[in-house]
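What follows is a short report on a single structure.
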Amino acid sequence: MAARRALKAVLVDLNGTLHIEDAAVPGAQEALKRLRATSVMVRFVTNTTKESKKDLLERLKKLEFEISEDEIFTSLTAARNLIEQKQVRPMLLVDDRALPEFTGVQTQDPNAVVIGLAPEHFHYQLLNQAFRLLLDGAPLIAIHKARYYKRKDGLALGPGPFVTALEYATDTKAMVVGKPEKTFFLEALRDADCAPEEAIMIGDDCRDDVDGAQNIGMLGILVKTGKYKAADEEKINPPPYLTCESFPHAVDHILQHLL
Amino acid sequence: MAEWAERLTGVRGVLLDISGVLCDSSASGATTIAGSVEAVARLKRSPLKVRFCTNESQKSLRELVGVLQQLGFDISEEEVTAPAPATCQILKERGLRPHLLIHEGVRSEFDDIDTSNPNCVVIADAGEAFSYQNMNRAFQVLMELENPVLISLGKGRYYKETSGLMLDVGGYMKALEYACGIKAEVVGKPSPEFFKSALQAIGLEAHQAIMIGDDIVGDVGGAQQCGMRALQVRTGKFRPRC
């Protein structure tokens, strides 16, 4: 791994880190302001499969976070880039609210399957349709493979398990465009014009946020909010650069030790 | 001909897969694969022992046999090795109380199983019952258990119905394995215990039996790994390149 250089960019996960569904993490708005007072660039990276950038921005503004749309990089953006690159017509198994991110994409007579978190589409009939397309050779693009996420009523299955089901049934591998894929982080850093060694990631998902970022040479801070479960930090190797209570604590650490 | 006689030396019994070999399921029942009824009758008239070895887990054994009898097959429940009865035995032996992720059609197989306060999940070919909510409930049960046990009736990738190929339990089993970071125990083909119990039922050793199936991994591969011979048929889920 290349030697660390001065910190230029901080990537921050959204749901579970800055806020939990419709409530901000206590002190997060303040912490973000403190971070912005420094010279680092801040980017918000999320594996959302159901919210367009406008939706995200709206929620964050309501929670009084100072954020602009071009600071947000989502896995939906990454998926769309891939579809255009491959020139395919996708069957979109994505939440209806994600559809605006695919405006202009041809979906008639599909020859690809794009799958995100879309519980309402994960019923047997539709998955079976997707399965048959894949068996005929259509590529499978997964927006991400999160195992589960935190809802108000407890843990809920993410898209990962359903992607796995289709991979197994068709003996193929999905192309994953979201965290923890390297390309996701590299793309996010690309427009921040910053190398991995100059960046740090803050998130609540040990594998997808921290491990993914550290795999390309970034530092990773695991926060104990959102989907964090006790001893998550022991599940990855190398362990997180830092495990701390929440986003404000992560920011404190950065201000004290890395700038 | 001589070559075949040699390859079949010592065969004293046949294990027959059902779906994809004898018949194809459909939404309303099943359709016979041409010539199968007579072929089974011929086998039974021969000195060979016959055992049906199926991973069917959407219908109860009684219903399955009923459907086959209606199609003219000479078959009875006692001649079938099926995963639900085998699973019930395991559950009782190990004091397991299952949360059932199954199709209603097979529910009766679990009638004398205690399903209160579940300490494991049993997953079968639930078909339409593989809704997100049902999968999520099973996932949540597993995540609450200190020692999560997932028992899967088979792990097939897909099977053939008359309307086309259908996702089987295997993918959904893998989904829960992935979500929870655990490994399922498979009851049914290709698990060796399942083949052994079928062989025991007709009093034969592996080298004396031949399995006939449409699933290259579950039927053919599984049987061969146990020391049986196996025949792959080009009906059912068979696809030329796989």
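Mean partner shielding of peptide A:83-94, defined as the number of other chain Cβ atoms within 10 Å of each residue Cβ, is 0. Every helix of 4 or more DSSP H residues in chain B counts as -39500 (n - 2.57), and over all residues that averages to -9000 deg cm²/dmol at 222 nm.
Which residue, A:Asp191, A:Asp211, A:Asp232, has the most motion in a Gaussian network model of chain A that connects Cα atoms within less than 10 Å? Ranking A:Asp191, A:Asp211, A:Asp232 by mean-square fluctuation puts A:Asp191 first.
The DSSP beta bridges internal to region B:83-187 are antiparallel in roughly 30% of cases. Relative to the longest principal axis of the Cα atoms of chain A, the long axis of helix A:124-135 lies at roughly 80 degrees. Taken residue by residue and averaged, Cβ atoms of other chains lying within 10 Å of the Cβ of B:83-92 number 0.
In a Gaussian network model over chain A where Cα atoms closer than 10 Å are linked, find which of A:Ala231, A:Ala24, A:Ala142 has the largest mean-square fluctuation. Of A:Ala231, A:Ala24, A:Ala142, the Gaussian network model singles out A:Ala231 as fluctuating most.
Within straight-line reach of A:Lys227, meaning a Cα separation under 14 Å, sit the following aspartates and glutamates at least 8 residues removed in sequence or on another chain: A:Asp13, A:Glu21, A:Asp153, A:Asp204, A:Asp205, A:Asp208, A:Asp209, A:Glu245. Taking only the alpha carbons of the protein assembly as shown, we obtain Rg and Dmax values of 26.6, 89 Å in that order. Take the alpha carbon gyration tensor of region A:149-241, find the square roots of its eigenvalues, order them as a ≥ b ≥ c, and report rounded if a/c is under 1.5; if not, report prolate when a/b exceeds b/c, else oblate. In terms of gyration-tensor shape, oblate.
So if the hydrodynamic radius of region A:63-107 is defined as the Kirkwood radius over C-alpha pairs, what does Stokes-Einstein give as its diffusion coefficient at 4 °C and 1.567 mPa s, in µm² per second? The estimated diffusion coefficient comes to 108 µm²/s.
Under 13 Å between alpha carbons: how many lysine pairs meet that in chain B, if sequence neighbours fewer than 8 apart on the same chain are excluded? Taking chain B as the scope, the lysine pair count is 5. Of all aspartates and glutamates in the structure, those lying under 14 Å Cα to Cα from A:Lys8, and not within fewer than 8 positions of it along the same chain, are A:Asp191, A:Asp193, A:Glu197, A:Glu198. Shape class for region A:42-167, computed from the alpha carbon gyration tensor (a ≥ b ≥ c): oblate, with a/c not under 1.5 and a/b at or below b/c.
Can you tell me the orientation of helix A:75-86 relative to chain A, as the angle in degrees between its alpha-carbon axis and the longest Cα principal axis, to the nearest 10? With rounding to tens, the tilt is 50 degrees.
Sorted from longest to shortest, the spans of the Cα atoms of region B:1-153 along the three principal axes equal 59, 34, 27 Å. Of all beta bridges that DSSP places with both ends in region A:92-206, some 35 percent have antiparallel geometry.
Taking every alpha-carbon pair under 8 Å whose residues sit at least 6 apart, chain B reaches a relative contact order of 22 percent. Out of every Cα-Cα pair that region B:83-187 contains, those further apart than 16 angstrom amount to 54 percent. Between the alpha-carbon centres of region B:140-162 and region A:42-63 there is a gap of 35 Å. Relative contact order, percent, of chain A when contacts are C-alpha pairs under 8 Å separated by at least 6 residues? Computed over chain A, the figure is 22 percent.
Mean separation of Cα pairs under 8 Å and 6 or more residues apart, divided by the residue count, gives region A:159-259 a relative contact order of 20 percent. Note on B:Ser197: accessible area is roughly 50 Å² with a 1.4 Å probe, heavy atoms of protein only. Building the convex hull from the alpha-carbon atoms of chain A and averaging its projection over directions returns 13.7 nm². Computed from Cα atoms, the angle from the helix B:36-45 axis to the main principal axis of chain B rounds to 70 degrees.
Helical content of chain A, expressed as a calculated mean residue ellipticity at 222 nm, amounts to -8000 deg cm²/dmol (DSSP H runs of 4 or more residues, -39,500 (n - 2.57) each, divided by residue number, nearest 500).
Which one, B:Thr32, B:Thr81, B:Thr54, has the greatest fluctuation when you compute a Gaussian network model over chain B with C-alpha springs under 10 angstrom? Between B:Thr32, B:Thr81, B:Thr54, it is B:Thr32 that shows the largest mean-square fluctuation.
Here A:Lys53 is the anchor, and the lysines within straight C-alpha reach of less than 18 Å, apart from those fewer than 8 places off in the same chain, are A:Lys61, A:Lys62, A:Lys179.
The values are calculated or read from the model by the stated rules, or taken from the named source; none is laboratory data. Model, not experiment: these values are computed from the prediction. Heads up, the Cβs are rebuilt from the backbone with ideal geometry, glycines too, and the neighbour counts pull from every protein chain shown. Surface accessibility is based on the protein's heavy atoms, side chains included, excluding ligands, DNA and RNA. Shrake-Rupley method; radii C 1.70, N 1.55, O 1.52, S 1.80 Å.
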